[in-house]
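Before any comments, here is the structure.
Please treat every number below as a calculation from the coordinates, not as lab data. Owing to the predicted nature of the structure, the values given are computational and were not obtained by experimental measurement. All Cβ positions, even for glycine, are placed from backbone atoms using ideal geometry, and neighbour counts span all protein chains on display.
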Amino acid sequence: MKLDLDHYIFRQKKVFTKKFCKQTIDELRSYPWEKHQFKLYTGKEEVEDRAPSGEYEPDCCFPGGGINDYIIKKLKPVILAYVDRLDFHWWKGWSGYSPIKVNRYTKKTRMFEHCDHIHTLFEGDRKGVPTLSIIGMLNDDCEGGDLVFFQNKKIVLSAGEVVIFPSNFLYPHKVTPIKKGCRVTFVSWVW
């Protein structure tokens, strides 16, 4: 097992074509959007977040249907490549992943530092928290909006690229404020 935490951040370029990314962004314009909200688990209950103001949070939507199905289908080989790369004899499997959530960042919006220890993600038959987080980039024509791990490890993603990392307290991450343009990403979580 590698002791370097960077080893467990896996990037795969060109998972999605630029054409698919552009078409998806165009189609998402007609979807209903809402403000992203953090939930903070206190050990007994979930409470609304800690961000200073909701105005800094991105908008989000849940596309479902064809967009969701296509992205999920394309993610499967990327997740398998990540698991194979780990080569852990004690962990070879995963059961599935959540539906896609799209985040749209406009000028001055950001994602505050957090880890993906999300208790409300699996509220149905599945109970628990995710094991892996997935972020996919749908465009790369904005300024700012960098993904940052560990307070200073900046990752600049290109359109069509996917990054996978553990969904635990060892992987705090944030998205820096958008300076110009709009950043559109999708997220999903593996259990």
Enumerate the calculated ³J(HN,Hα) couplings along region 175-181 in order (Karplus 6.51 cos²θ - 1.76 cosθ + 1.60, θ = phi - 60°), each rounded to whole Hz, writing x wherever the residue is Gly or Pro. 10, 5, x, 6, 9, 7, x
What length, rounded to one decimal in nm, is gained on full extension from TYR31 through to SER95, with 0.36 nm per residue of separation minus their alpha-carbon distance? 20.1 nm
Here FRET efficiency (C-beta to C-beta, LEU170 to ARG85, R₀ 25 Å, nearest 0.05) is 0.90
Along Cα→Cβ, 7 Å out, is where each label goes; now give me the distance between the ones at LYS22 and HIS119 in nm to one decimal. 4.5
Count of Lys pairs (Cα-Cα under 13 Å; at least 8 positions apart or interchain) in region 84-191: 6
Jot down the per residue volume, in cubic angstrom and as a whole number, of the convex hull over the alpha-carbon atoms of region 80-191. 110
Hey, rough spin-label estimate for PHE112 and VAL156, points 7 angstrom out along Cα→Cβ, what's it come to in nanometres? 2.8
Going fewest to most other Cβ atoms within 10 Å around each Cβ, TRP189, TRP91, TRP33 line up as TRP91, TRP33, TRP189
Report, in debye and to the nearest 20, how large the dipole of the chain comes out about its Cα centre when Lys and Arg carry +1 and Asp and Glu carry -1 on their Cβ. 560
Using amide H atoms built 1.01 Å from N in the peptide plane, name the residues 5+ places from THR131, or on other chains, whose amide H lies under 5 Å from its own. VAL190, TRP191
Karplus 3J(HN,Hα) series, Hz, for region 10-27 with 6.51 cos²θ - 1.76 cosθ + 1.60 (x for Gly, Pro): 10, 10, 10, 7, 6, 6, 10, 6, 4, 5, 4, 4, 5, 4, 5, 4, 4, 5
Between LEU3 and LYS179, what is the label-point separation in nm under the 7 Å Cα-to-beta-carbon projection? 3.8
Mean ellipticity per residue at 222 nm, deg cm²/dmol - from DSSP H runs of n ≥ 4 across the chain, formula -39500 (n - 2.57): -6000 deg cm²/dmol
Over the chain, what number does the Rg to Rh ratio reach, with both radii from the alpha-carbon atoms and Rh per Kirkwood? 0.93
